[in-house]
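K.L.:
Got a structure for you, written out below as structure tokens; questions coming shortly.
Nothing in this text is a laboratory measurement; each read-out follows from the coordinates by a stated rule. Source: prediction; values computed, not measured. Positions of Cβ are generated from backbone atoms using ideal geometry, with glycine treated the same way; all protein chains shown enter the neighbour counts.
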Amino acid sequence: MGPASPDRVSQAILDGHHAGVPITHPGVFRALVASALLAPVCALVGLGLGVLLRHGAGTMVTNVFTLLGWPTMFSESNRWSVEIKHALVSAAWNRLVQNWEPDPGSLGYTATVAGSWIVYALWPLITVALAELVMRHRDV
């Protein structure tokens, strides 16, 4: 069998072949939007931290630790720990790309989709607002 023609390849992609989930599957649009917004959200958080810290290397380390390190420090067995974990960007992204509903009988505490969108909106808003506040009162 010879190589596939470009028309056959594009048709296979458009039909959803060789994809884990078709584009029409419930929850896929939410996962696409959440994934597309992840980079701008992280960039705005980094911008806010950069203005607050005013040190390039310190900002990069703090941003990576805040976005990737903190979620691993909190378990899902304690209520207080899981509340902190769900307030972090990476945990919100994990819930938004999850296209199945959590088991109602599970012992763990699960984040809500609405709460995850709120986390997505508040992190950049708070860090940029703090940066703006600090810039107004800082001697330059």
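K.L.:
Regarding the stretch 27-140, what are the three Cα extents along the principal axes, ordered largest first, in Å?
P.N.:
Largest to smallest, the principal-axis extents are 55, 31, 22 Å.
K.L.:
Same structure, new question: Say a paramagnetic label sat at a point 7 Å from the Cα of residue 118, along Cα to Cβ; which residues of the stretch 65-81 have their backbone N under 18 Å from it?
P.N.:
The answer is 79-81.
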